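The values are calculated or read from the model by the stated rules, or taken from the named source; none is laboratory data. Since this is a predicted model, take the numbers as computed values, not measurements. Reconstructed Cβ throughout: ideal geometry from the backbone, glycine too, with neighbour counts over all protein chains shown. Ligands, DNA and RNA are stripped out before the accessible areas are found, and what is left, the full protein with its side chains, is counted by its heavy atoms. Shrake-Rupley method; radii C 1.70, N 1.55, O 1.52, S 1.80 Å.
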Amino acid sequence: MKKILVSTGGGDCPGLNAVIRGIVKSAREHGGYEVWGSMEAFNGILLDPPDIVKLTNKKVAGIHTKGGTIIRTTNKGNPLEFPVTQADGSVKRIDRTAELVKKIKKRGFDAVISIGGDGSQNISLALAEKGLNIVGVPKTIDNDLYATDRTFGFQTAVEIATDCFDRLVTTAESHHRTIIMEVMGRDAGWIALHTAIAGGAEICLIPEIPYDIQKVVKKINKRYKKGKGFANIVIAEGAKAIGGEVVGSKSKEVGDTHIKLGGVANLLRHQLEEAGCAGQVRATVLGHVQRGGTPSAFDRVLATSMGVKAFNMVLNKNYGQMVAYKNHELTTVSLEEAVSQYNHVSTDHYLIETAKMMGVSFGD
Ligand code: F6P
């Protein structure tokens, strides 16, 4: 029987389990394939003995409604720069992709389905170049992957953020306060932009448009003068003031090379207070609450269909490609194209115009 190895890499995202179930059910019922999962991305298959699990229909039954991933994930252990702690305590990064490909083939896997964001798909590309039969499935709540209109998990994150935003509006109104809500969005402000429109924010600050604090204060103070007496701001974690830097710190964990963003809402609170903002200012950071819990129906459908599509790509030997959602259809793009750039919010996007016409200020 032919075998497929599945990996989930990077940050978790609502819908990962629905993709896994989509792959397993279609592969077993229609293709006669056996599906295995590598625990914690490719770290599981790299171990000796490997930490891999057979994904049966029974194992995946009902998991489409659950957040997280049953085969777990990690952002530590990029096989291209695998961290190896030396005797003196220093960390050396080594390329283990050739070893990984060898191990996957030795274990009898005919193909790999790699579910992950930009970092994971860069790994997929490197493995494809080393001769591995690999297919990518795009994942990230940030929706920042180029070549796909949507990634699963994004819509759920927007629902969560909008629900939290609505709650902050009533408390801001009651206290005549300005409340800032920080959402995820490292390089792209999609979650912030959608939440600002859905929630009716006065101000939306995103990585793509550095903000002028004087303009933000002017907008708030004008509202107070008019007697509205409160304001709600949504800010993406990767936003920054003109000439400023993003707020975050280097991860202390071996193998995690990302800057840990978070805290820009508090910085903005201080900036507003110093710049003479009327009324009290409060800040709320949503953080990982946006990544947890049950996926929305839309994301379950998208994730399930992406899982099925990925299996069909394996069946048709359509390797070195990633599933993509374009114009309400599932299609495929090369891994090269998928990682060639980010899906930033362009300043001429129709949602920027929508927001501006609705009176939302981007601080520009
Ligand atoms: O890439 C998705 C994301 O949710 C980013 O928005 C955020 O900066 C990052 O993951 C957080 O990652 P971690 O789980 O390592 O804190």
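Among the residues of the range 1-41, just one is open to solvent by less than 10 Å² (accessible area, probe 1.4 Å), out of contact with any strand residue (DSSP E or B) (no Cβ under 7 Å at 6 or more places or on another chain) and within 16 Å of the ligand (Cβ to nearest atom), namely Pro14.
Taking the criterion of being open to solvent by 40 Å² or more (accessible area, probe 1.4 Å) and either within 13 Å of Met181 (Cβ to Cβ) or not charged (D, E, K, R) (or both), the residues of the range 214-243 that qualify are Gln214, Asn221, Tyr224, Gly227, Ile242, Gly243.
Take the conditions within 15 Å of the ligand (Cβ to nearest atom) and either on the phi > 0 side of the Ramachandran plot or in the same structural domain as Pro50 (by TED's automatic domain parsing) (or both) and apply them to Asn133. Does it pass? Before the answer, list the steps.
Details: within 15 Å of the ligand (Cβ to nearest atom): no; either on the phi > 0 side of the Ramachandran plot or in the same structural domain as Pro50 (by TED's automatic domain parsing) (or both): yes.
It is false that Asn133 is within 15 Å of the ligand (Cβ to nearest atom) and either on the phi > 0 side of the Ramachandran plot or in the same structural domain as Pro50 (by TED's automatic domain parsing) (or both).
Select from the range 280-300 the residues that are closer than 30 Å to Arg269 by Cβ and more than 15 Å from the ligand (Cβ to nearest atom) and list them in ascending order.
From the range 280-300, those closer than 30 Å to Arg269 by Cβ are 280-293; that's our starting set.
Residues satisfying the conditions are Gln280, Val281, Arg282, Ala283, Thr284.
Determine whether Ile45 is touching a residue at least 60 places away in the same chain (Cβ under 8 Å) and part of a strand (DSSP E or B). Explain how you work it out, then say what you get.
Working: touching a residue at least 60 places away in the same chain (Cβ under 8 Å): yes; part of a strand (DSSP E or B): no.
Taking the combined requirement at face value, the residue does not satisfy it.
Of the helices (runs of 4 or more DSSP H) lying entirely inside the range 120-239, those containing at least 1 residues that are small (Gly, Ala, Ser) span 154-175, 190-199.
Taken over the range 244-279, the criterion of being buried (at least 20 other Cβ atoms within 10 Å of the Cβ), away from the ligand (no atom under 16 Å from the Cβ) and either within 20 Å of the chain's Cα centre (by Cα) or assigned to a loop (DSSP other than H, G, I, E, B) (or both) is satisfied by Cys277 alone. Consider the range 169-192 and keep the residues that are closer than 16 Å to Phe362 by Cα and away from the ligand (no atom under 14 Å from the Cβ). The one that is surrounded by the fewest Cβ atoms within 10 Å (Cβ to Cβ) is Ile179.
Take the conditions in contact (Cβ under 8 Å) with a residue 60 or more places away in the chain, over 30 Å from Ile233 (Cβ atoms), in contact with a strand residue (DSSP E or B) (Cβ under 9 Å, 6 or more places away or on another chain) and not polar (S, T, N, Q) and apply them to Ile94. Does it pass? Even if it seems obvious, please write down each step before you answer.
Values: in contact (Cβ under 8 Å) with a residue 60 or more places away in the chain: no; over 30 Å from Ile233 (Cβ atoms): yes; in contact with a strand residue (DSSP E or B) (Cβ under 9 Å, 6 or more places away or on another chain): yes; not polar (S, T, N, Q): yes.
No; evaluated as a whole, the condition is false for this residue.
Being modelled with pLDDT of 95 or more and within 17 Å of Gly153 (Cα to Cα) is true for just one of Ile20, Ile4, Ile113. Which residue is that?
Details: Ile4 fails: within 17 Å of Gly153 (Cα to Cα); Ile113 fails: within 17 Å of Gly153 (Cα to Cα).
None of the other options fit; the residue is Ile20.
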